[in-house]
Amino acid sequence: MDIITSMVAEKPVVIFSKSTCCLSHSIKSLIRNFGANTTIYELDEITNGKHIESLLIQMMGCQQSVPAVFIGQQLIGGSKRIMSLHVRNELVPLLINAKAIWI
């Protein structure tokens, strides 16, 4: 887990994704459309992607590893959780508190 901790350290928004995942694409687009400062790791394009993916599965407690969204160094969750926060108008305040966007 130290690997993931170091990857999300001091970054307002980190999204672990796969370049071929449509859910990942949707979540990246949603968060970017708010003008958020995001760091994106494409697990299918980085050297230790398989290892990081197995760690994310352990952290999230499910079979789906991506997208995995960290806001303010906290694991928020996957696409369902992000969409739920968005529908309840709770996503933008999280992004503001993490200093990912300024409104």
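Being in a helix (DSSP H, G or I), surrounded by fewer than 16 Cβ atoms within 10 Å (Cβ to Cβ) and among the basic types (Lys, Arg) is true for just one of Lys28, Lys50. Which residue is that?
Lys50
Could you please let me know if Glu10 is assigned to a loop (DSSP other than H, G, I, E, B), of a type in the set (Asp, Glu), closer than 17 Å to Leu95 by Cα and out of contact with any strand residue (DSSP E or B) (no Cβ under 9 Å at 6 or more places or on another chain)?
It is true that Glu10 is assigned to a loop (DSSP other than H, G, I, E, B), of a type in the set (Asp, Glu), closer than 17 Å to Leu95 by Cα and out of contact with any strand residue (DSSP E or B) (no Cβ under 9 Å at 6 or more places or on another chain).
Quick check on segment 67-82: of everything there that is in contact (Cβ under 8 Å) with a residue 12 or more places away in the chain and outside any strand (DSSP E or B), which residue is surrounded by the fewest Cβ atoms within 10 Å (Cβ to Cβ)?
Gln73
Which residue pairs have Cβ atoms under 7 Å apart, sit 6 or more places apart or on different chains, and have a first residue in segment 90-103 that is surrounded by 12 or more Cβ atoms within 10 Å (Cβ to Cβ) and a second that is modelled with pLDDT of 95 or more and in a helix (DSSP H, G or I)?
These pairs meet every condition: Leu91/Ile82; Leu91/Leu85; Leu94/Leu85; Ile101/Leu95.
The values are calculated or read from the model by the stated rules, or taken from the named source; none is laboratory data. These figures come from a predicted structure and were not determined experimentally. Note that we place each Cβ from the backbone using ideal geometry, even for glycine, and neighbour counts take in every protein chain shown.
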